[in-house]
Amino acid sequence: MTEIDWNEFKEYKKYNVQDDKLDMVVAFIKSYYNIQNAREIYNMLSVDDIGQMLIEKREIASAEGLESFMFRG
């Protein structure tokens, strides 16, 4: 499992502005790691301390919940 490179994320967020931090992290993962699958993104977030905090804050408990979050609107 790939770990989230938070130093690269800090660089990414200098040039990409979004209101929601989880939206920004998901966009970073999609861009930096070229991962589009909600299940893979959820797995990355769930094994990372900061990522886990972000999904728990929004009460996301599954890849399906993250997918709903990603495609809300």
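The values are calculated or read from the model by the stated rules, or taken from the named source; none is laboratory data. Quick caveat, the model's predicted, so the values are computed rather than measured. Cβ sites come from the backbone with ideal geometry, for glycine too, and all protein chains shown count toward neighbours.
Applying a threshold of 8 Å to beta carbon distances and a minimum spacing of six or more residues, or different chains, the list of pairs starting in region 37-63 at a residue that is closer than 14 Å to residue 25 by Cα and ending at one that is assigned to a loop (DSSP other than H, G, I, E, B) and among the polar types (S, T, N, Q) reads 42/62; 44/2. Could you list, in sequence order, all residues of region 25-51 that are among the polar types (S, T, N, Q) and on the phi < 0 side of the Ramachandran plot? Result: 31, 36, 37, 43, 46. Exactly one residue among 47, 26 is surrounded by fewer than 14 Cβ atoms within 10 Å (Cβ to Cβ) and out of contact with any strand residue (DSSP E or B) (no Cβ under 9 Å at 6 or more places or on another chain), and that residue is 47. Could you please let me know if residue 34 is in a loop (DSSP other than H, G, I, E, B), at pLDDT 95 or above and loosely packed, with under 14 Cβ neighbours inside 10 Å? The answer is yes for residue 34. Give region 30-51 a look and list any residue that's touching a helix residue (DSSP H, G or I) at 6+ places or on another chain (Cβ under 9 Å) and over 17 Å from residue 64 (Cα atoms), or say none. Once the filter is applied, which keeps residues that are touching a helix residue (DSSP H, G or I) at 6+ places or on another chain (Cβ under 9 Å) and over 17 Å from residue 64 (Cα atoms), region 30-51 yields 31, 32, 33, 48, 50. Flag set for residue 15, criterion: modelled with pLDDT under 95, hydroxyl-bearing (Ser, Thr, Tyr) and at negative phi.
Results for (1) of a type in the set (Lys, Arg); (2) closer than 22 Å to residue 7 by Cα; (3) over 11 Å from the mean Cα position of the chain (by Cα), shown as yes or no for each residue.
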{"residue": "30", "(1), (2), (3)": "yes, yes, no"}
{"residue": "42", "(1), (2), (3)": "no, yes, no"}
{"residue": "47", "(1), (2), (3)": "no, yes, yes"}
{"residue": "64", "(1), (2), (3)": "no, no, yes"}
{"residue": "72", "(1), (2), (3)": "yes, no, yes"}
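So in region 14-23, with the set limited to residues that are of a type outside the set (Asp, Glu) and out of contact with any helix residue (DSSP H, G or I) (no Cβ under 6 Å at 6 or more places or on another chain), which one is surrounded by the most Cβ atoms within 10 Å (Cβ to Cβ)? Selected residue: 21. Screening residue 54 on (1) assigned to a helix (DSSP H, G or I); (2) exposed (fewer than 12 other Cβ atoms within 10 Å of the Cβ) shows it passes everything except condition (2). If you go through region 1-30 and keep only what is outside any helix (DSSP H, G or I) and either β-branched (Val, Ile, Thr) or free of Cβ contacts under 8 Å to residues at least 24 places away in the same chain (or both), you end up with 2, 4, 16, 17, 18, 19, 20.
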